[in-house]
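Have a look at the structure below before the remarks.
The values are calculated or read from the model by the stated rules, or taken from the named source; none is laboratory data. Everything numeric here is computed off the predicted structure, so don't read it as measured data. Here the Cβ positions follow ideal geometry from the backbone for every residue, glycine too, while neighbour counts run over all protein chains shown. Note: accessible area is taken over every heavy atom of the protein model, side chains too, but ligands, DNA and RNA are not part of it. Shrake-Rupley method; radii C 1.70, N 1.55, O 1.52, S 1.80 Å.
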Amino acid sequence: MTGIAKLADLDWNTWQARDPATLVFVGRGDEVLLINKKTGLGKGKINGPGGKVDPGETPEICAVRECQEELGITVSNLEYCGQHRFQFVDGYSIHVWVYRTRDFEGLPVETREARPLWVAMDDIPYDEMWEDDRMWIPMLLRGERFQTRWIFDGDSMLDYDIQTDGHNESWITE
């Protein structure tokens, strides 16, 4: 997929991701549960738990399974927050459904895939995350739903578009 450097270089109406995936953000008071990713795409970065949707699985079922596998917790009452469409210049692409919840059972534990981190919502370590996170995670926390498209070259964001897509309740106390 050489020659992709901006959103206009793709026909987004026919675009298909190689992988469907999920991200989940778990809230507790004024904190959010993040992970230090130990394997796969984004290894070494801080992110929310999540991963690839298995064949026959819905994004919601995947989100629950990934939280169990990565952190040993069982999330429930998932609230849809938005979707990301990521295209990498090397040809890889991923379509990510994003959810959040304050409802979970169990204590987050470190696994082979992830180390859990509770962080204050006003102190999210964006410098240790994907470049796009600082643009849409504040929307998620404010309860703004979104539809996004991103072009990445490795870890570098080349182009993007963010559209709002409805509202949820804000997690931020003003």
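Looking for something under 19 Å from residue 103 (Cα atoms), in a strand (DSSP E or B), open to solvent by less than 40 Å² (accessible area, probe 1.4 Å) and among the polar types (S, T, N, Q) - is there at least one such residue anywhere in region 16-31?
First, pick out the residues of region 16-31 that are under 19 Å from residue 103 (Cα atoms): 22-31.
Cutting the leftovers down to in a strand (DSSP E or B) gives us 22-28, 31.
Next cut, open to solvent by less than 40 Å² (accessible area, probe 1.4 Å) only: 22-27.
Pick out the ones that are also among the polar types (S, T, N, Q) and you get 22.
Yes: one or more hits.
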Looking at this structure, is residue 83 assigned to a strand (DSSP E or B), open to solvent by less than 20 Å² (accessible area, probe 1.4 Å) and among the polar types (S, T, N, Q)? no
Among the residues of region 140-161, which ones are surrounded by fewer than 18 Cβ atoms within 10 Å (Cβ to Cβ) and closer than 25 Å to residue 31 by Cβ? 142, 143
Looking only at residues in region 59-73 that are open to solvent by 60 Å² or more (accessible area, probe 1.4 Å) and out of contact with any Leu (no Cβ under 8 Å at 6 or more places or on another chain), which one is nearest to residue 169 (Cα to Cα)? 61
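Residues 154, 166: which one is at positive phi, in contact with a strand residue (DSSP E or B) (Cβ under 7 Å, 6 or more places away or on another chain) and not charged (D, E, K, R)?
Unique residue meeting the criteria: 166.
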Residues that are of a type in the set (A, V, I, L, M, F, W, C) and either farther than 28 Å from residue 152 by Cβ or open to solvent by 60 Å² or more (accessible area, probe 1.4 Å) (or both), drawn from region 86-104: 104
List the number of the failed condition for residue 43; all other conditions in (1) at pLDDT below 95; (2) surrounded by 14 or more Cβ atoms within 10 Å (Cβ to Cβ) hold. (2)
When only residues in region 105-137 that are more than 14 Å from the chain's Cα centre (by Cα) and free of Cβ contacts under 8 Å to residues at least 24 places away in the same chain count, which is surrounded by the most Cβ atoms within 10 Å (Cβ to Cβ)? 110
Are there any pairs with C-beta distances below 6 angstrom linking a residue in region 44-57 that is closer than 11 Å to residue 130 by Cα to a residue that is open to solvent by 50 Å² or more (accessible area, probe 1.4 Å), with the two at least 6 apart or on different chains, and if so which? 46/128
Of the residues in region 125-168, how many are closer than 26 Å to residue 14 by Cβ, in contact with a Lys or Arg (Cβ under 8 Å, 6 or more places away or on another chain) and part of a loop (DSSP other than H, G, I, E, B)? 1
